[in-house]
Amino acid sequence: MPLLTQQIQDENENSLVASLDNVRNLSTILKAIHFKDFATCFATKNGIKVTVENAKCVQANAFIQAEIFQEFVVQEESVTFRINLTVLLDCLSIFGSSPMPGTLTALRMCYQGYGHPLMLFLEEGGVVTVCKINTQEPEETLDFDFCSTNVINKIILQSEGLREAFSELDMTSEVLQITMSPNKPYFRLSTFGNAGSSHLDYPKDSDLMEAFHCNQTQVNRYKISLLKPSTKALVLSCKVSIRTDNRGFLSLQYMIRNEDGQICFVEYYCCPDEEVPES
Amino acid sequence: MKFRAKIVDAACLNQFTRVSNMIAKLAKTCTLRISPNKLNFILSDKLASGGVSMWCELEQENFFSEFQMEGVSAENNEIYLELTSENLSRALKTTQNARSLKIKLTNKHFPCLTISVELQLSVSSSSRIVTHDIPITIIPRRLWKDLREPSVPDSDVSIYLPVLKTMRSVVEKMKNISNHLIIEANLNGDLNLKIETELVCITTHFKDLGNPPLASENTSQNRNPEEMAEVHIDIKKLLQFLAGQQVNPTKAICNIVNNRIVHFDLLHEDVSLQYFIPALS
């Protein structure tokens, strides 16, 4: 097995080594942020953060904690590289996106460091796939400076409450307007499309509402085309936390439970489209 | 020229439907060759359109309870006709619960293959007949020579194929990334599928597949078992072949002629299928 011996020899030279018994614990989370081809990966001893951005206005982060992996070693303080996420996802699901029950694809991932490709070794039922994905110069990612001390309004909802609303968003509307308020209508999603406006209100005492901490009425508009991709994370998640800060920046945090019952988080940041005078 | 045949057995009918579905996936139009003992579905693409060829063979007596044919002449007791394969598979869609199927060569303003399906109605013992007329073109004698059974080339490596479903999902994903693929194998039971692009190199290794005993006496007997024979092929042609395989065949062999052609030889109970993909130039 020249493949394996080579793998062991290289072991000490790798700045990142991660193994997983079930590759879907990684691929599912990455699918939740797959709305652009390229992603930036940051690995520290705590785990991997994968970031995707669009139009300098929206950023999605997926966190895969070290505990999710069966083996996770980072030699340096932090390891950063940029990679084609579409290709990475195709590689991770090379044995099929919905494999037969009872069969798991195992993954071993190695990265030697700057200028080197990301190596993936996938195995299912004795068949081994080796992928060598070229990495690129990491790009500076946006800092949304979203600080919990500046949060004005915060709501935690069961995801099923938002799922339908997001999958049926009126895409002819340019914006999604989010109203959060300590008073009626509490939490409102509005669109203004060709066929008319629509408002969807969530009462504060709804069963879907897990937490409601709104201090001040805020009405903010976000480009619907930027928020729509977050539906991918929403459908996978069980809970979502919706927060806005004093500048109207939006943070959506999704809690996703993987096949082994572990919790992972995906977060979306989006900047507001324009100032709307408070009503 | 005459042809009429009938299937009454439900299992045969099912199998025949499956074959026609497979053919529809593999070839848009194909040639049906009718001879006293066999039916063949033939595809032989021009080199310009990829040069893929297919040879599918059914023993008529394994399917038909009645089979009568009269070819162009006594010496050339065969009929070659061209049809759109989807028309046949669509006509056979109604055969689940059918009592019988009749196929007949007819001339209704234009030459047709007439498919009559006798349907069993669940409520009563009465039945209903659904008839499809599939337009066909009779292929003249002088063109038959282009539709001979392709000769199987002397291969450098012959190897048993892995589970086709696994192979299919791998090739499906690879197709998202690359237009061509390298298929390589050796006499040690290893088969690799590889793609290489600027972004990524992916290799899937199948091991311990086993090599069938070589039929012909040739140089490959002295071949180093580790040495790979490889062919660069159009990934779409390979996927088309794999996507057409709904059931795992009883026997599946891949023959590789280094840098020239890959030949797949499958056996599904009573049906044999040969599929040839030439190397990309």
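Laboratory data are not the source of any read-out in this text; all were calculated from the coordinates shown. These numbers were taken from a predicted model, which means no experiment stands behind them. Positions of Cβ are backbone-derived with ideal geometry, glycine not excepted, and every protein chain shown enters the neighbour counts.
Brief remarks on what is shown
- Distance between the 7 Å Cα→Cβ label points at B:Arg141 and A:Glu140: 8.2 nm.
- Degrees, to the nearest 10: B:164-177 long Cα axis against longest axis of chain B: 70
- For region A:56-66, the Karplus equation 6.51 cos²θ - 1.76 cosθ + 1.60, evaluated at θ = phi - 60°, returns couplings of 6, 10, 9, 9, 10, 10, 10, 10, 10, 5, 4 Hz by residue, with Gly and Pro reported as x.
- Only helices enter this figure: runs of n ≥ 4 DSSP H residues, each worth -39500 (n - 2.57), summed and divided by the residues of the protein assembly as shown, yield -4500 deg cm²/dmol at 222 nm to the nearest 500.
- Label-point separation, B:Asn179 to A:Leu208 (7 Å along Cα→Cβ), nm: 4.7
- Modelled label reach - B:Asn259, point 7 Å along Cα→Cβ, region B:224-252 residues with backbone N closer than 16 Å: B:228-233
- Exceeding the 27 Å Cα-Cα cut-off - candidates B:Lys93/B:Lys165; A:Lys232/B:Lys93; A:Lys31/A:Lys239; A:Lys49/B:Lys194; A:Lys132/B:Lys46: A:Lys232/B:Lys93; A:Lys49/B:Lys194; A:Lys132/B:Lys46
- Debye-formula intensities of region A:16-136, expressed as log10 I(q)/I(0) at q = 0.13, 0.14 Å⁻¹, are -0.48, -0.56 (one equal scatterer per alpha-carbon, no solvent).
- The calculated FRET efficiency for the pair B:Gln120 and A:Ser98, based on their C-beta separation and a Förster distance of 41 Å, comes to about 0.70.
- Amide H within-cut-off set for A:Asp273, under 5 Å, with H built and near neighbours excluded: A:Arg221, A:Tyr222, A:Lys223
- Using the Karplus relation 6.51 cos²θ - 1.76 cosθ + 1.60 with θ = phi - 60°, the per-residue 3J(HN,Hα) values for region A:115-130 come to x, 9, x, 8, 9, 10, 10, 10, 9, 9, x, x, 8, 10, 10, 10 Hz, with x marking Gly and Pro.
- Förster radius 25 Å - calculated FRET efficiency between B:Glu149 and B:His109, Cβ distance, rounded to 0.05: 0.15
- Sites A:Asn54 and A:Val151, calculated FRET efficiency, Cβ-Cβ separation with R0 25 Å, nearest 0.05: 0.60
- Rounded to the nearest 20, the Cβ-based charge dipole of chain A about its Cα centre (Lys and Arg +1, Asp and Glu -1) stands at 480 debye.
- Here each label is just a point 7 Å from Cα along the line to Cβ, and for B:Val163 and A:Gln216 those points are 5.9 nm apart.
- Note, ³J(HN,Hα) from phi for region B:239-244, Karplus 6.51, -1.76, 1.60, rounded to Hz, x at Gly and Pro: 5, 4, 5, 5, 5, x
- Once the mean of 1/r is taken over each pair of separate Cα atoms and inverted, the protein assembly as shown shows a Kirkwood hydrodynamic radius of 28.0 Å.
- With only the Cα atoms considered, chain B has a convex hull volume of 154 Å³ per residue.
- Whichever aspartates and glutamates have a C-alpha closer than 16 Å to that of B:Lys28, once near sequence neighbours (fewer than 8 apart) are set aside: B:Asp45, B:Glu82, B:Glu86
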